[in-house]
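Coordinate-derived values only; no laboratory data. This structure is a prediction, so every number in the text was calculated from the model and none was measured. Note that each Cβ is placed from the backbone with ideal geometry, even for glycine, and that neighbours are counted across all protein chains shown.
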Amino acid sequence: MKLRLSLFFLCLFAVTIVKAEITLPNIFSNEMVLQRESDVSLYGWAGPSEEFSIYTSWNDATVQVKTGNDAKWNIQVATPKAGGPYTIRFIGKENEIVLSDVLIGEVWLCSGQSNMEWSANSKIDNKDYEIENANYPTIRLFTVEKRTADYPLDNVIGTWETCSTKTMPNFSAVAYFFARKVQSELNIPIGLIDSSWGASCAEVWTPESVFEAHPELVTSHELIQPNQWVTIEKSTLYNAMIAPLTNFKIGGVLWYQGESNTANAESYQQIFTEMITSWRADWNNDFPFYYVQIAPFKYGGEFEGGIVRDQQRRTLALKNTGMAMTSDICTVEDIHPQNKQDVGLRLANIALKQHYNNLQDQEVYGPLFEAAEIIGNQIQIKFSHDKGLKSDRKKIELFEISNEKGEWFTAKAKLKNGMVIVSSKEVKSPKAVRYAWKSTDIGNLYNEVGLPASTFKSE
């Protein structure tokens, strides 16, 4: 019996070799979006040293492809300006694959933890209205199925779908609202790839090479405790859900995460910066990377949430990044703010202004700490994005200053000449200033367009 089974599988293997068909990774399917005006990679598998042709309808051109002895193939093709639908044909000896309804536009990878994963079906503001009006034929959605891996994979599970009342409710709400705004301004197809997992820490999205180069991040990672929703094993989600996409051309990344790194908050800027840098290296592309600052919430520690928010602010030092503030659209009782519309809108406005060169007259950031000058017993604070600096209450609250011993005291704050002046009777020689530093602190300092100031510490 064993001999018969062995012969059967041997014959099956032999037939597979003889009839080696062209196969594509799942990221290539009907209804997909390819990045516009770029050299994009088409890739997959076939028999070793097999020759076949690829036809692209946007230029009515056919190219010849030959696999290597590893049965893999990869070829770059130039894409036109935004438009479609188009057809791509893969024509081999044993099979032919036709991809139809292919659009050319802007492709964004969306990742992070539950606030990025959060869908309309998970409950958002104005849920019913948003679902009923979610028919956008040129917005396309791809959800990466959740899985882990101990080493980088070469494929993900998922398929492209057209945005509709049937598909939108189960897709990332933040990503959807981002795409809707960008499309309304640019009038081009938008492709969204959602690769996120609730409760995940940044370390699981970071390749192993980062930890090999920075052992201190391994030590910091040990502070994160296991949870019931997702592994905390470093690099495992990167291996399974990001690495397989690095050959697929994207226009940029959206990120919403940080809540699960409050346990090792002090190292968040480093792990986050290294993660972004490693992704860009893997794609060989310094694409825009826009992220959401986590909202105030009862994270379990008094200051951990504030520290992460400040670490996220400091990550703006990395080129081609942007941060959407959310402290004004949250409640400290819910780690999942239901107003996903404004989150997506703020990310979109940043992208439109910084990346697409639109909205040049519109302010897209809240006030960001720029400098602090100690003058006697006062500290004078300068912000960027500070036009029309104001408070929505009689007093500006949540500022603190420290003395020579590093002790912190509540400070009085006032506006003068577009700057904030802080002081405290308890501190004669102030050394530093911080704002909205507690995990649950919701500040009341805004600019003229009503965007909130970011948490910060001057040290």
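What order, most packed first, do the peptides 331-341, 137-147 have when packing is the mean number of other Cβ atoms within 10 Å of each residue? Let's see the in-between values first.
Details: 331-341: 17.3, 137-147: 20.8.
Highest to lowest by the protection proxy: 137-147, 331-341.
What three numbers, in Å, describe the spread of the alpha carbons of the stretch 364-410 along their principal axes, ordered from the longest?
In descending order, the Cα extents are 38, 23, 17 Å.
Based on the mean of other beta carbon atoms within 10 Å per residue, what is the order of 366-373, 51-58, 412-419, most packed first?
Details: 366-373: 18.9, 51-58: 17.1, 412-419: 13.2.
So the order, starting with the most tightly packed, is 366-373, 51-58, 412-419.
What number do you get for the stretch 302-453 when its Cα radius of gyration is normalised by 2.2 N^0.38 Å, N = residues? Don't skip to the answer; put the middle values down first.
Details: Rg = 16.1 Å, N = 152, 2.2 N^0.38 = 14.8 Å.
Cα-based Rg divided by the globular estimate yields 1.08.
Let me make sure I get this right: for the stretch 334-389, a, b and c are the square roots of the gyration tensor eigenvalues over alpha carbons, sorted descending. Under 1.5 in a/c it's rounded, otherwise prolate if a/b > b/c, else oblate. Which is it? The partial results should precede the final answer.
Working: a/c = 3.67, a/b = 1.64, b/c = 2.24.
Because a/c hits 1.5 or more and a/b fails to exceed b/c, the stretch 334-389 counts as oblate.
Which value in Å does the Kirkwood hydrodynamic radius of the chain take, with 1/r averaged over all unlike C-alpha pairs and then inverted?
Numbers: mean 1/r = 0.0417 Å⁻¹.
Taking the inverse mean of 1/r over all distinct Cα pairs, the chain comes out at 24.0 Å.
Viscosity 1.306 mPa s, temperature 10 °C: Stokes-Einstein D of the stretch 368-457 from its Kirkwood Cα radius, in µm² per second?
122 µm²/s
Suppose R0 equals 35 Å; then what is the FRET efficiency for E208 and A71 from their Cβ-Cβ distance, rounded to the nearest 0.05? Mind showing how you got there, number by number?
Values: r = 26 Å, r/R0 = 0.73.
Once the sixth-power term is evaluated, E becomes 0.85.
Hey, fewest Cβ within 10 Å first, where do V343, V292 land in order? Display every interim value, and only then the final one.
Details: V343 28, V292 24.
Listed from fewest to most nearby Cβ atoms, that is V292, V343.
Project the alpha carbons of the stretch 52-181 onto their principal axes and report the range along each, largest first, in whole Å.
51, 39, 24
Taking the Cα-to-Cβ direction at N121 and at D150 and moving 7 Å from each Cα, how far apart do the two end points lie in nm?
3.3 nm
For the stretch 37-127, report the % of Cα-Cα distances exceeding 20 Å.
Of all Cα-Cα distances in the stretch 37-127, 51 percent exceed 20 Å.
N30: net charge of surrounding residues, Cβ under 13 Å, Lys/Arg +1, Asp/Glu -1, itself excluded? Display every interim value, and only then the final one.
Working: positive: R89, R140; negative: E31, D101, E161.
Local net charge: -1.
Viscosity 1.306 mPa s, temperature 10 °C: what is the translational diffusion coefficient of the stretch 158-308 from Stokes-Einstein with a Kirkwood Rh over Cα pairs, rounded to a whole number of µm²/s? Walk me through the intermediate numbers first.
Working: Rh = 16.8 Å.
Using the Kirkwood radius from Cα pairs, D works out to 94 µm²/s.
With a 10 Å radius around each residue's Cβ, average the other Cβ atoms per peptide and rank 183-193, 123-133, highest first. Can you show the working numbers first?
Numbers: 183-193: 19.9, 123-133: 14.1.
Top of the packing list down: 183-193, 123-133.
Working out 0.36 nm times the residue gap between S164 and R393, then minus their Cα-Cα distance, what length gain in nm do you get to one decimal? Mind showing how you got there, number by number?
On the way: separation 229, 0.36 × 229 = 82.44 nm, distance 4.21 nm.
Length difference between fully extended and current span is 78.2 nm.
Under 25 °C and 0.890 mPa s, how fast does the stretch 118-186 diffuse according to Stokes-Einstein, given a Kirkwood radius computed over C-alpha pairs? Answer in µm²/s, whole number. Don't skip to the answer; put the middle values down first.
On the way: Rh = 13.2 Å.
Diffusion coefficient, whole number: 186 µm²/s.
Would you mind calculating the relative contact order of the chain from Cα pairs under 8 angstrom and at least 6 residues apart, reporting the percent as a whole number?
Working: 1085 pairs, mean separation 57.3, N = 459.
Rounded, it is 12 percent for the chain.
If N is the number of residues in the stretch 193-253, what value comes out of its Cα radius of gyration divided by 2.2 N^0.38 Å?
After normalising by residue count via 2.2 N^0.38 Å, the value is 1.19.
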